[in-house]
Amino acid sequence: GGADTRDTRMAGTTAEDDDRDRRPRKSPFQKLRREQRSLLCFVQALVGHLVVIETRDDVTTRGTLVEVDERMNCTLEGAQRVTVEQALEKKNSKFDRMFVRARLIRYVHVPARVDPAELIERRRQEEFDASRHYQAKVVFGPINPSPYDTSEEAQKIRAERAKGYAKH
């Protein structure tokens with residue numbers, strides 16, 4: 001006598017379906033985009049703040065963060081750059097605008113008055129609002145303002161249409 005090797009699958013399912021059920025499900029954290037799961041989201045939220053960036057070649061740069069791209073390359077305005085030699089001589093170099101490559105960044109010092117949780121949440125909300133805005137543009141088209149569009153132009157279009165509906 002051989003062992004009983006009956007197939008216990010439900011009718012209409014395959015072995016592939018069983019494998020799909022065994023795959024680990026993604027947590028809500030894993031569903032976020034890469035930049036939202038990493039500290040990139042936080043650094044991008046610092047745009048407009050005065051920050052200090054330390055680089056791997058022991059250079060410190062202080063300035064207002066004006067742009068952070070998806071690779072974490074940073075652009076600073078009103079930047080002061082201090083090398084180790086300049087620090088000993090109590091000197092620094094000043095630049096109107098400075099670009100710092102992501103691969104050189106060792107630390108980004110955050111101002112003490114900044115609440116990281118609030119900053120990240122505000123950044124996520126801005127991204128969400130922007131995505132809703134562009135989704136509405138696709139759905140409603142450029143002529144029909146989105147219900148989320150609170151601009152003066154959109155309100156004017158809605159008012160004109162309301163007058164037209166009232167006439168009928």
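The values are calculated or read from the model by the stated rules, or taken from the named source; none is laboratory data. Just so it is clear, the model here is predicted, and its values are computed rather than measured. Ideal geometry is used to build each Cβ from the backbone, glycine not excepted, and the neighbour counts take in all protein chains shown. Just the protein is used for accessible areas: all its heavy atoms, side chains included, with ligands, DNA and RNA removed. Shrake-Rupley method; radii C 1.70, N 1.55, O 1.52, S 1.80 Å.
Pairs linking a residue in the stretch 53-79 that is free of Cβ contacts under 8 Å to residues at least 12 places away in the same chain and of a type in the set (A, V, I, L, M) to a residue that is part of a strand (DSSP E or B) and loosely packed, with under 15 Cβ neighbours inside 10 Å, with Cβ atoms under 6 Å and 6 or more positions apart or on different chains, do not occur.
Figure legend. Inter-residue proximity from the stretch 81-104: first residues closer than 11 Å to THR61 by Cβ and in contact (Cβ under 8 Å) with a residue 12 or more places away in the chain, second residues among the aromatic types (Phe, Trp, Tyr) and surrounded by 10 or more Cβ atoms within 10 Å (Cβ to Cβ), beta-carbon distance below 8 Å, spacing 6+ or different chains. Indicated pairs: ARG81/PHE95.
Selection of first residues in the stretch 35-52 that are open to solvent by less than 40 Å² (accessible area, probe 1.4 Å) and of second residues that are at pLDDT below 80 and acidic (Asp, Glu), restricted to Cβ pairs under 6 Å at least 6 apart or on distinct chains, gives the following pairs, ordered by first then second residue: CYS41/GLU35. Between ASP4, ASP21, the distinction of being modelled with pLDDT under 90, open to solvent by 50 Å² or more (accessible area, probe 1.4 Å) and part of a helix (DSSP H, G or I) belongs to ASP21 only. Pairing residues of the stretch 135-161 that are at positive phi with residues that are among the hydrophobic types (A, V, I, L, M, F, W, C) and at pLDDT 65 or above, at Cβ distances under 8 Å and at least 6 apart in sequence or on separate chains, gives no pairs at all.
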